[in-house]
Amino acid sequence: MQRDDAALSRFLQSVRGAALAFSVLRVRDEEIALDLLQEAMISFVPAAKKHDQQIWKRLFYKILGRRIADWQRKQIWRDRIARITSFSALPLTDGEEQIDPPAGNDERPEQSLDAAQLAERFEAVLAALPPRQQEAYLLRQWQAFSVTETAAIMGCSEGSVKTHLSRAMQRLEEQLGEWIDE
């Protein structure tokens, strides 16, 4: 029993950083991502005890993906209700100060600025993708799951994973092509 708990603890520590990055990219808010990650970890522990360690990573991301999807569905309804009732979140002010990236020892600072702009643009385009395309892209390209593993995590066919990924890649290329080709 203690050995199982130690293995679970090691596993959760090993996936925490990548899972947090995955969650932040999906929900665009670090605090919410941390909450969703914690919920997924809590749900994962009893589920993991019923499965072999070899599928823990797939199982964990499936649970995390469901938590994110649930949160996103709730957000859609909250936004609709806010629009209907004319209540909305506080508007962003135009006078907010933008923080420039720290200056480094780079001989060509315009390169680091371009990289920062590209990263910012990439995140914006990724956030604009439909949730299933986002999920397929992040699981396949960032987390390096196979098509089969991604399909199991997403609860869909391998063909659907390929379609979602292809559409995501096409959209990213359309939106970022000008930035990459320069």
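The values are calculated or read from the model by the stated rules, or taken from the named source; none is laboratory data. Model, not experiment: these values are computed from the prediction. No Cβ is skipped: glycine too gets one built from the backbone with ideal geometry, and neighbour counts run over all protein chains shown.
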Q.
With closer than 23 Å to Glu123 by Cβ and within 16 Å of the chain's Cα centre (by Cα) as the only criterion, which of Ile32, Ile63 stands out?
A. Ile32
**Q.** Those residues of region 29-46 which are more than 14 Å from Ser9 (Cα to Cα), of a type in the set (A, V, I, L, M) and surrounded by fewer than 21 Cβ atoms within 10 Å (Cβ to Cβ), in sequence order
**A.** Ile32, Leu34
Q.
Let me confirm something: among Phe145, Phe122, which residue is assigned to a loop (DSSP other than H, G, I, E, B) and closer than 22 Å to Val24 by Cα?
A. Phe145
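Per-residue answers, yes or no, for (1) in contact with an Asp or Glu (Cβ under 8 Å, 6 or more places away or on another chain); (2) farther than 20 Å from Ala18 by Cβ; (3) surrounded by 13 or more Cβ atoms within 10 Å (Cβ to Cβ):
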| residue | (1), (2), (3) |
| --- | --- |
| Ala144 | no, no, no |
| Ser157 | no, yes, no |
| Ser160 | no, yes, yes |
| Thr163 | no, yes, yes |
| Arg167 | no, yes, yes |
| Arg171 | no, yes, yes |
Q.
Of everything in region 49-74, what is among the aromatic types (Phe, Trp, Tyr) and loosely packed, with under 12 Cβ neighbours inside 10 Å? Give them in sequence order.
A. none
Q. Out of curiosity, is Gln134 within 10 Å of Arg26 (Cα to Cα), under 12 Å from the mean Cα position of the chain (by Cα), not aliphatic (A, V, I, L, M) and not assigned by TED's automatic domain parsing to the domain that holds Ala69?
A. yes
